[in-house]
Amino acid sequence: MSALSERQQVVGIIVVGGLILGLLWFFLLYPLTSRRRLLENEIENMKGQLARSNYLLGEMPLRNRKISAEHNSRAIHDEWMRAAKRLSTFDDQEIIEGPGRQQDRL
C-alpha cells in the first residue's frame, strides 16, 4: 500500500474532523437541546395549568400584597410616633421620624 499524498491527508483530516464534530453534536448537543425543548413544553403546560387554576401571581395579588405592606408600614409609623411622643422629655420636642414611612420621604 502506497503512502497517501499530502492532499489526501488534508482531505482525510477534514473528513475525520467533520465526523468527530458530527458525532459530538449527535451524542452531546442533540440530547441536551431535545431535553431543553421538552422542559420548555413542560413549563408552558404548567403555566397554563396554574393560570387556569388562578395560582399564577397576576397583577391583582401583587397589588393586594403592596396594599397590605403599605398598611403595615403606616401602622408601624403610627406606633413609632405614639411611642416617641409618650417617651419624649419635653412637650414641644421635635420627634424623630421613625421606621415605616421611608417611601413618603422620597
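Is the range 70-93 home to any residue that is modelled with pLDDT under 85, surrounded by 10 or more Cβ atoms within 10 Å (Cβ to Cβ) and in a loop (DSSP other than H, G, I, E, B)?
yes
For the list (1) part of a helix (DSSP H, G or I); (2) modelled with pLDDT under 90; (3) of a type outside the set (Phe, Trp, Tyr), I need the number of the one condition that GLY98 fails.
(1)
Would you confirm, using the coordinates I've provided, whether ILE67 is in the same structural domain as ILE96 (by TED's automatic domain parsing) and on the phi < 0 side of the Ramachandran plot? Can you show your working first?
Values: in the same structural domain as ILE96 (by TED's automatic domain parsing): yes; on the phi < 0 side of the Ramachandran plot: yes.
For ILE67, the condition - in the same structural domain as ILE96 (by TED's automatic domain parsing) and on the phi < 0 side of the Ramachandran plot - is met.
The values are calculated or read from the model by the stated rules, or taken from the named source; none is laboratory data. These numbers come from a predicted model, not from an experiment. No Cβ is skipped: glycine too gets one built from the backbone with ideal geometry, and neighbour counts run over all protein chains shown.
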